[in-house]
Protein chains: 2
Amino acid sequence: MRVVALSGGVGGAKLAYGLNQVLASDSLSIIANTGDDFIHHGLPVSPDIDTLIYTLAGLNDSDRGWGLAGETWAFMEAMGSLGGDTWFNLGDRDLAMHVLRREALDGGQPLSVFTDRIRNALQISARIFPMSDTRVSTLVETVEEGLLPFQRYFVHLKAEPQVKGFYFDGADAAKPCPGLIDAIHEAQKIVICPSNPFISIDPILGVPGIRQALVKSAAKVVAVSPIVGGEAIKGPTAKMFRELGVTPSPDAVAQKYSDFLDVMIVDQVDAGNHKLMNSFGVQTEVAQTVMRTADDKLALAELALRF
Amino acid sequence: MRVVALSGGVGGAKLAYGLNQVLASDSLSIIANTGDDFIHHGLPVSPDIDTLIYTLAGLNDSDRGWGLAGETWAFMEAMGSLGGDTWFNLGDRDLAMHVLRREALDGGQPLSVFTDRIRNALQISARIFPMSDTRVSTLVETVEEGLLPFQRYFVHLKAEPQVKGFYFDGADAAKPCPGLIDAIHEAQKIVICPSNPFISIDPILGVPGIRQALVKSAAKVVAVSPIVGGEAIKGPTAKMFRELGVTPSPDAVAQKYSDFLDVMIVDQVDAGNHKLMNSFGVQTEVAQTVMRTADDKLALAELALRF
């Protein structure tokens with residue numbers, strides 16, 4: 001069975017981990033958001049790709065919720081003492097990824113080739129596709145501060161400004177990375193991970209060709225709602241819905257994916273709360289969607305693949 | 001009193017530390033060798049500048065003899081697990097320097113301006129001049145392996161190949177960095193630190209204008225011999241002399257500097273062993289030149305400034 005998953009960072013990576021565990025080798029392809037990618041201290045950081053890699057390799061820090069387990073911060077300390085910027089944390093181990101990526105990109109290696117090299121080095125069986133080898137940058141339009149680069153909004157300003165909209169700079173000219181569209185065409189199942197629809201899934205869908213391939217696909221498209229009981233497990237998803245004048249709910253998420261979505265898995269606390277979805281023909285499935293343990297991830301992955 | 005010191009890495013930095021301690025603020029300018037500089041994993045590494053900075057800031061690891069005290073190696077471990085090269089050690093703290101330098105150079109800041117910014121951040125009173133803002137690369141001609149980039153010879157091959165000669169690629173077109181020649185002209189004392197003449201001092205002297213400024217200077221030029229009892233305290237200096245057919249001695253060092261040298265400080269074990277020096281008019285002074293403690297460094301610095 002060939003499966004494609006679309007994912008952002010932490011929340012999506014949990015389900016991607018489950019999918020990678022329950023599927024046979026080489027059957028999973030993950031399309032990763034690169035709209036958060038940015039250059040920090042001259043190093044190209046790809047937060048969502050890295051979270052996926054670390055999570056799938058079992059190297060992630062599940063307590064802190066991001067980065068590597070056992071990470072140390074000597075570099076950041078030294079950076080501070082030399083007068084450098086310290087608003088974005090780069091761990092000592094994590095730095096190896098960014099330094100190697102810089103070297104690879106400078107040498108003309110596309111991001112997708114570099115990402116594949118790393119997932120092979122870490123023996124991750126799933127293929128991880130950056131949504132594009134071309135730069136697409138998520139910009140957040142805010143009430144207080146106008147248009148902000150994503151990491152300035154998200155990390156520096158802690159996602160506090162009120163959002164008015166999102167722009168994916170470079171998306172018009174971007175191309176899906178090589179093999180990505182074929183993977184969608186060949187997929188028997190497509191899973192939209194419980195990632196933020198605005199800043200994790202929409203950037204992927206904004207790369208010309210990807211949304212169209214999902215719409216055209218004969219495979220079942222199954223999403224897991226990132227909204228549970230009106231809130232997000234992590235991050236500003238619910239806050240963003242509210243700031244845009246929409247009540248956060250699985251219905252609101254499903255509506256964003258209505259042109260290609262077949263099934264929405266909603267949490268038990270949202271059972272019965274999905275009228276809109278039914279009205280536009282999206283099937284619902286109720287399950288425990290909050291993934292605390294490895295077993296939770298595997299069980300949810302198995303459920304998502306059942307349709 | 002204005003003092004200029006020429007220095008390479010570890011051995012030279014010890015005396016530079018002493019000079020910086022005994023001199024009043026703003027009176028010391030150190031001219032650092034940059035012939036060892038190289039790009040590793042895309043990061044510009046300046047070993048001698050960094051050793052000087054760490055030593056003068058009191059951050060160096062005096063037991064290991066190079067790098068930062070309390071350094072950790074998580075980056076290197078991760079680099080290995082991602083399949084990257086690990087033949088050159090970059091510590092977690094040390095990385096901050098190289099990452100910031102890359103960012104500065106990419107932004108068009110000359111190496112000398114970046115170096116000055118860092119020494120200010122670390123409150124080092126001595127000015128540290130890279131010998132040039134232009135790239136000059138030391139190449140080592142060897143019997144076994146032909147012409148080798150410096151770090152390949154020095155770190156990768158552990159200085160084992162037999163040397164035939166040295167080339168300073170880019171030296172012809174290089175310019176001393178801004179302020180360096182003025183510092184020599186204004187100096188009342190010039191100190192040649194006990195660094196390797198071939199690969200630490202000669203690259204500096206190879207930048208057009210620097211040797212000429214030393215020859216022209218009215219200041220006393222005092223060197224400390226890096227050869228003690230026919231051997232070097234650290235590194236391949238004695239081995240290089242022998243491979244070039246010269247018996248390693250303070251005399252052999254003095255001969256290399258004979259056009260500008262006034263005084264050579266030799267170690268007690270070499271007392272009486274400096275006939276050649278006397279023959280071409282270099283005054284000798286016998287002292288304890290092996291610097292084990294901070295007091296040793298200060299005492300030798302005071303002696304060097306006495307002439």
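The values are calculated or read from the model by the stated rules, or taken from the named source; none is laboratory data. These numbers were taken from a predicted model, which means no experiment stands behind them. Neighbour counts are summed over all protein chains in view; Cβ atoms, including those assigned to glycine, are modelled from backbone coordinates with ideal geometry.
Some values worked out for this structure:
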{"quantity": "Only listed residue being touching a Pro at 6+ places or on another chain (Cβ under 7 Å), surrounded by fewer than 18 Cβ atoms within 10 Å (Cβ to Cβ) and at pLDDT 95 or above, chosen from A:VAL143, A:VAL136", "calculated": "A:VAL143"}
{"quantity": "Test: B:TRP73 is modelled with pLDDT under 95 and among the aromatic types (Phe, Trp, Tyr)", "calculated": "no"}
{"quantity": "Residue within segment A:104-111 that is away from chain B (no Cβ under 14 Å), touching a strand residue (DSSP E or B) at 6+ places or on another chain (Cβ under 9 Å) and surrounded by fewer than 20 Cβ atoms within 10 Å (Cβ to Cβ) present", "calculated": "yes"}
{"quantity": "Lone qualifier among A:GLN268, A:GLN283 - being in contact with an Asp or Glu (Cβ under 9 Å, 6 or more places away or on another chain) and either polar (S, T, N, Q) or farther than 24 Å from A:SER29 by Cα (or both)", "calculated": "A:GLN283"}
{"quantity": "Filter pass, B:ASP92 being in contact with a helix residue (DSSP H, G or I) (Cβ under 8 Å, 6 or more places away or on another chain), within 19 Å of A:MET76 (Cα to Cα) and among the acidic types (Asp, Glu)", "calculated": "yes"}
{"quantity": "Members of segment A:2-17 that are more than 14 Å from A:ILE192 (Cβ to Cβ) and in contact with a Leu (Cβ under 7 Å, 6 or more places away or on another chain)", "calculated": "A:TYR17"}
{"quantity": "Verdict on A:SER217 being at negative phi, buried (at least 23 other Cβ atoms within 10 Å of the Cβ) and among the hydroxyl-bearing types (Ser, Thr, Tyr)", "calculated": "no"}
{"quantity": "Of all residues in segment A:74-93 being more than 7 Å from every other protein chain (Cβ to nearest Cβ) and surrounded by 23 or more Cβ atoms within 10 Å (Cβ to Cβ), the one that is farthest from B:GLY91 (Cα to Cα)", "calculated": "A:LEU90"}
{"quantity": "Any hit, segment B:203-210, residues being assigned to a strand (DSSP E or B), touching a residue at least 60 places away in the same chain (Cβ under 8 Å) and closer than 21 Å to B:ILE265 by Cβ", "calculated": "no"}
{"quantity": "Selection within segment A:94-103 - of a type outside the set (D, E, K, R) and either crowded, with 23+ Cβ neighbours inside 10 Å or at the interface with another protein chain (Cβ under 8 Å from one of its Cβ atoms) (or both)", "calculated": "A:LEU95, A:ALA96, A:MET97, A:VAL99, A:LEU100"}
{"quantity": "Residue in segment A:266-275 that is hydrophobic (A, V, I, L, M, F, W, C) and under 21 Å from the mean Cα position of the chain (by Cα) present", "calculated": "yes"}
{"quantity": "Pairs with Cβ under 8 Å, 6+ apart, first in segment A:178-191 and in a strand (DSSP E or B), second of a type in the set (S, T, N, Q) and modelled with pLDDT of 95 or more", "calculated": "A:ILE190/A:SER217"}
{"quantity": "Scan of segment B:7-53 for residues that are within 14 Å of chain A (Cβ to nearest Cβ), in contact (Cβ under 8 Å) with a residue 24 or more places away in the chain and either not aliphatic (A, V, I, L, M) or not in a helix (DSSP H, G or I) (or both), ordered by number", "calculated": "B:PHE38, B:HIS40, B:HIS41, B:GLY42, B:LEU43, B:PRO44, B:VAL45, B:SER46, B:ASP50"}
{"quantity": "Filtered residues of segment A:263-307 (kept if surrounded by 15 or more Cβ atoms within 10 Å (Cβ to Cβ), without any contact (Cβ under 8 Å) to a residue 60 or more places away in the chain and in a loop (DSSP other than H, G, I, E, B))", "calculated": "A:ASN273, A:HIS274, A:VAL282, A:GLN288"}
{"quantity": "Qualifying residue in segment A:110-120 (condition: over 18 Å from A:ILE39 (Cα atoms) and among the polar types (S, T, N, Q))", "calculated": "yes"}
{"quantity": "Only listed residue being small (Gly, Ala, Ser), under 15 Å from the mean Cα position of the chain (by Cα) and crowded, with 20+ Cβ neighbours inside 10 Å, chosen from A:GLY65, A:GLY35", "calculated": "A:GLY35"}
{"quantity": "Options A:ILE184, A:ILE190, A:ILE204; residue that is crowded, with 20+ Cβ neighbours inside 10 Å, under 25 Å from A:THR142 (Cα atoms) and at pLDDT 95 or above", "calculated": "A:ILE204"}
{"quantity": "Single unsatisfied condition, A:GLY67 versus (1) over 27 Å from A:MET291 (Cβ atoms); (2) at pLDDT below 95", "calculated": "(1)"}
{"quantity": "Conditions (1) modelled with pLDDT of 95 or more; (2) among the basic types (Lys, Arg); (3) within 26 Å of B:PRO236 (Cβ to Cβ): number failed by B:ARG102", "calculated": "(3)"}
{"quantity": "Residue list for segment A:104-161, restricted to those being farther than 20 Å from A:HIS40 by Cβ, part of a helix (DSSP H, G or I) and in contact (Cβ under 8 Å) with a residue 60 or more places away in the chain", "calculated": "A:SER112, A:ARG119"}
{"quantity": "Residue count for segment A:20-38, restricted to those that are of a type outside the set (S, T, N, Q) and within 28 Å of A:VAL155 (Cβ to Cβ)", "calculated": "7"}
{"quantity": "In segment B:54-73, residue nearest to the other protein chains (Cβ to nearest Cβ) [restricted to those that are in a helix (DSSP H, G or I) and among the hydroxyl-bearing types (Ser, Thr, Tyr)]", "calculated": "B:TYR54"}
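Table: residues versus (1) surrounded by fewer than 20 Cβ atoms within 10 Å (Cβ to Cβ); (2) outside any helix (DSSP H, G or I); (3) at pLDDT below 95; (4) touching a strand residue (DSSP E or B) at 6+ places or on another chain (Cβ under 7 Å).
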residue: A:PRO194; (1), (2), (3), (4): no, yes, no, yes
residue: A:ILE199; (1), (2), (3), (4): no, no, no, yes
residue: A:GLY235; (1), (2), (3), (4): no, yes, yes, no
residue: A:ARG242; (1), (2), (3), (4): yes, no, no, no
